[in-house]
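To start, the structure under review is shown below, and the notes come after it.
The values are calculated or read from the model by the stated rules, or taken from the named source; none is laboratory data. Predicted, not measured: the structure shown is a model, and the values here were computed from it. All Cβ positions, glycine included, derive from the backbone under ideal geometry; neighbour counts span all protein chains shown. Calculation scope for accessible area: heavy atoms of the full protein, side chains included, ligands and nucleic acids excluded. Shrake-Rupley method; radii C 1.70, N 1.55, O 1.52, S 1.80 Å.
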Amino acid sequence: MRLTRHLFMTTLLLAGITAAASFSGGEPGTQAEKKKYQRSDNDGTITGVVSFTGQRPAEHLIEMWADPQCRINNPSPKTELIVGNQGRLANVFVYVKSSAVLDNLSFDTPGAPILIDQKRCRFVPHVVGAQTNQVVEIANSDPTTHNVHPQPMTNTEWNQSYVSGAPPMRKQFSRPEVMVPIKCNQHPWMKMYLGVLSHPFFAVSDQNGTFRIEGLPPGSYTIAAWHEKLGEKTMEVSVPGYSQQQLDFTFKPGDTW
């Protein structure tokens with residue numbers, strides 16, 4: 001009887017230790033054991049150009065007649081699905097989609113907020129990235145009421161009116177998600193996209209289609225380029241230490257039109 005009781009108590013003790021280790025993240029590769037990322041002189045850089053080939057879709061005038069203030073402040077607004085100079089594509093979110101190197105690292109949340117404005121009845125910028133739990137600060141520079149309504153798949157959805165002159169909203173997104181559409185219910189033409197990642201390795205292509213991602217530890221990476229209408233393309237790249245790799249993406253009208 002005493003032996004049976006001893007075995008029973010031992011089993012309970014071992015079960016408790018196993019449960020505690022599992023709960024605290026004690027298994028290899030969990031957040032508790034990940035190494036904190038720090039920039040190094042050995043880090044690499046990825047630069048590139050995003051291009052668009054083929055016939056560009058025609059730009060259309062956006063009807064802002066529903067709000068006189070929008071018409072006054074932005075009398076000739078155009079659609080912005082394909083934006084760029086000389087065949088280059090802007091507003092493409094380029095990011096590290098996967099990498100075994102990053103799986104074993106943890107990343108500090110940046111202290112500086114990501115800034116979004118509602119200006120001339122458009123969201124500025126049109127595409128932007130943030131890290132999980134980083135503050136996203138949204139302002140209203142227009143003399144009219146706006147509405148901010150993110151429509152995430154994995155993060156918390158919210159919907160908030162925003163009168164002119166009110167202090168900036170300060171929000172956070174706790175889960176990685178590419179991409180989060182954000183719209184204004186007051187003005188249906190207003191829409192933007194926010195990419196949320198657990199790491200800082202992302203960029204948005206500029207008017208010349210160029211992007212730059214710095215601070216990558218040496219290793220292999222899957223890099224993705226995402227466009228709101230043309231979809232997503234991925235490429236594999238190896239980043240040796242002290243290196244700068246060139247990675248160019250090309251989209252065409254038939255990708256997802």
Next on the checklist: Can you list residue pairs whose Cβ atoms sit under 6 Å apart, with the first residue in region 81-102 being free of Cβ contacts under 8 Å to residues at least 12 places away in the same chain and within 24 Å of E214 (Cβ to Cβ) and the second being open to solvent by less than 10 Å² (accessible area, probe 1.4 Å) and aliphatic (A, V, I, L, M)? Count only pairs 6 or more apart in sequence or on different chains.
Outcome noted: none
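Okay, residues lined up against (1) in contact with a strand residue (DSSP E or B) (Cβ under 8 Å, 6 or more places away or on another chain); (2) assigned to a strand (DSSP E or B); (3) open to solvent by 50 Å² or more (accessible area, probe 1.4 Å); (4) modelled with pLDDT under 95:
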site: H199; (1), (2), (3), (4): yes, no, no, no
site: E214; (1), (2), (3), (4): yes, yes, yes, no
site: T222; (1), (2), (3), (4): yes, yes, no, no
site: G254; (1), (2), (3), (4): no, no, yes, yes
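Taking the criterion of being among the hydrophobic types (A, V, I, L, M, F, W, C), over 15 Å from F52 (Cβ atoms), open to solvent by 60 Å² or more (accessible area, probe 1.4 Å) and modelled with pLDDT under 95, would at least one residue in region 72-80 satisfy it? If you could, list the steps in order and put the result at the bottom.
The first filter runs over region 72-80 and keeps only residues among the hydrophobic types (A, V, I, L, M, F, W, C), leaving 72.
Subset that is over 15 Å from F52 (Cβ atoms): 72.
Retained after the next criterion (residues that are open to solvent by 60 Å² or more (accessible area, probe 1.4 Å)): 72.
Remaining after also requiring modelled with pLDDT under 95: 72.
Looking through region 72-80, at least one residue is among the hydrophobic types (A, V, I, L, M, F, W, C), over 15 Å from F52 (Cβ atoms), open to solvent by 60 Å² or more (accessible area, probe 1.4 Å) and modelled with pLDDT under 95.
Among the candidates E137, E236, which residue alone is in contact with a Leu (Cβ under 9 Å, 6 or more places away or on another chain), acidic (D, E) and not in a loop (DSSP other than H, G, I, E, B)? Break it down stepwise before answering.
Working: E236 fails: in contact with a Leu (Cβ under 9 Å, 6 or more places away or on another chain).
It is E137.
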Checklist entry - In region 141-170, which residue that is in contact with a Pro (Cβ under 8 Å, 6 or more places away or on another chain) and outside any loop (DSSP other than H, G, I, E, B) is surrounded by the most Cβ atoms within 10 Å (Cβ to Cβ)? => result P150
Checklist entry - So which residues in region 29-84 are farther than 30 Å from P110 by Cβ, part of a loop (DSSP other than H, G, I, E, B) and within 24 Å of the chain's Cα centre (by Cα)? => result T79, I82
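If you go through region 90-110 one residue at a time, do you hit one that is in contact with a helix residue (DSSP H, G or I) (Cβ under 9 Å, 6 or more places away or on another chain) and either over 30 Å from Q38 (Cβ atoms) or loosely packed, with under 14 Cβ neighbours inside 10 Å (or both)? Steps first, answer last, please.
As a first pass, look at region 90-110 and keep what is in contact with a helix residue (DSSP H, G or I) (Cβ under 9 Å, 6 or more places away or on another chain): 96, 104, 106.
The next check asks that each one be either over 30 Å from Q38 (Cβ atoms) or loosely packed, with under 14 Cβ neighbours inside 10 Å (or both); those that pass are none.
No; the residues of region 90-110 include none that is in contact with a helix residue (DSSP H, G or I) (Cβ under 9 Å, 6 or more places away or on another chain) and either over 30 Å from Q38 (Cβ atoms) or loosely packed, with under 14 Cβ neighbours inside 10 Å (or both).
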Checklist entry - Of (1) touching a Pro at 6+ places or on another chain (Cβ under 8 Å); (2) within 30 Å of N147 (Cβ to Cβ); (3) modelled with pLDDT of 95 or more, G195 satisfies all except one. Which? => result (1)
